[in-house]
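The values are calculated or read from the model by the stated rules, or taken from the named source; none is laboratory data. These numbers were taken from a predicted model, which means no experiment stands behind them. With ideal geometry, Cβ positions are generated from the backbone for all residues, glycine too; neighbour counts draw on all protein chains shown.
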Amino acid sequence: MIIAMQENATEEQIFAVVEEMEENGVKVHRTTGAQQTILAAVGATAGLDITQFEALPGVFHVHRISAPYKLAGRAFRPEGTVVEFANGATIGSTHVGLIGGPCSVETEDQIFAIAKCVKAVGGEFLRGGAFKPRTSPYAFQGLGIDGLKVMRAAADQYGLATVTEVMEIAQIEPMLEYVDCFQVGARNMQNFNLLRELGLIRKPVLLKRGIAATIDELLMSAEYILSGGNYEVILCERGIRTYETSTRNTMDIAAIPVLKKLTHLPVIADPSHATGRRDMVAPMAKASLAAGADGLLIEIHPNADKAWSDAAQTLYFDQFEKLIGELKLIGQAIGRTL
């Protein structure tokens, strides 16, 4: 159930409505937009009589939410969510967030060179894996906290925010001082215990779509984070598994406008993991931007063919720079900036 307050509703009126909702046994999530306050009731709402709330002072409208995701649905924040970072970057505004970096942090020279390149093209985010979930137990698993320290230093030097993957609950606390945005990988999209814990922190979470997840399942996973009070969630389309074998995954471009209609959360795209092929990253990045993506996550490396992980999908610096130039032209055509 969603209760939209009148534009001129006082704090006393809002508090009275919240109190009435809680007395009826539901948990209340409040969001204040540019024009009005929205109160979302989560819990056993089926038996509630909405007319008892419609009569309360300051209430504009009350309606039930049929979708199972109450907080991720657009009705909770009709104007959309803009996630803001300490370096001034945003994801969800008319400016398209550019997240660049390697699949994994390897060396100090590597990550500093990449941070410099990302900054040079106008990017605001440095991504890199320090804890790597790999299909093979014999593949490179990441440098751990040492890798995060190096990435943090590189990001600070170039004024970038850091994005890196968290794999388990025990990693959250030691990662906090180095990370600006926690990434939940496709394999962990339905790790509900991890999602609950990330709902308790107050740092943005980038949630990737699972390899076989429906859009509703992605939104329900986001709901776990939101229900803990962390509303700074960014959704990421990174391709799904189908019977097609010509690409690493099948990139569901259509998911971007569908999600933009269903949810207030920002939606970004990861064409690197979606295709697994260097030659297809650029066209899929362009298509994602044209489809309405609020950001792009692209893997780059100074010596891409020698990258310790995911070399086949990683761009060289010159390819990355060329792509960003082309994306800026598309952005101009659709009213977005990079």
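Could you say whether any residue in the range 199-207 is modelled with pLDDT of 95 or more, closer than 19 Å to LEU98 by Cβ, in contact with a Gly (Cβ under 7 Å, 6 or more places away or on another chain) and not in a loop (DSSP other than H, G, I, E, B)? No; the residues of the range 199-207 include none that is modelled with pLDDT of 95 or more, closer than 19 Å to LEU98 by Cβ, in contact with a Gly (Cβ under 7 Å, 6 or more places away or on another chain) and not in a loop (DSSP other than H, G, I, E, B).
Only one of the numbered conditions (1) under 22 Å from the mean Cα position of the chain (by Cα); (2) farther than 22 Å from GLY142 by Cβ; (3) crowded, with 16+ Cβ neighbours inside 10 Å is violated by ILE334, and that is (3). Just one residue in the set ALA16, ALA44 is in contact with a Pro (Cβ under 8 Å, 6 or more places away or on another chain), surrounded by fewer than 17 Cβ atoms within 10 Å (Cβ to Cβ) and farther than 30 Å from GLY335 by Cβ; that residue is ALA16.
Here is the figure for the range 207-234: residues that are within 11 Å of LEU265 (Cα to Cα) and aliphatic (A, V, I, L, M) total 6.
A Cβ distance below 9 Å, combined with a sequence gap of six or more or placement on separate chains, defines the contacts here; from the range 19-36, residues that are within 14 Å of GLY58 (Cβ to Cβ) reach residues that are surrounded by fewer than 17 Cβ atoms within 10 Å (Cβ to Cβ) and basic (Lys, Arg) in the pairs MET21/LYS27. Does SER221 qualify as being small (Gly, Ala, Ser), under 11 Å from TYR69 (Cβ atoms) and at pLDDT below 95? Taking the combined requirement at face value, the residue does not satisfy it. The set of residues in the range 283-309 being surrounded by fewer than 24 Cβ atoms within 10 Å (Cβ to Cβ) and of a type in the set (D, E, K, R) consists of LYS286, ASP305, LYS306. May I ask you to say which residue of GLN52, GLN35 is part of a loop (DSSP other than H, G, I, E, B) and not assigned by TED's automatic domain parsing to the domain that holds ASN230? None of the other options fit; the residue is GLN35.
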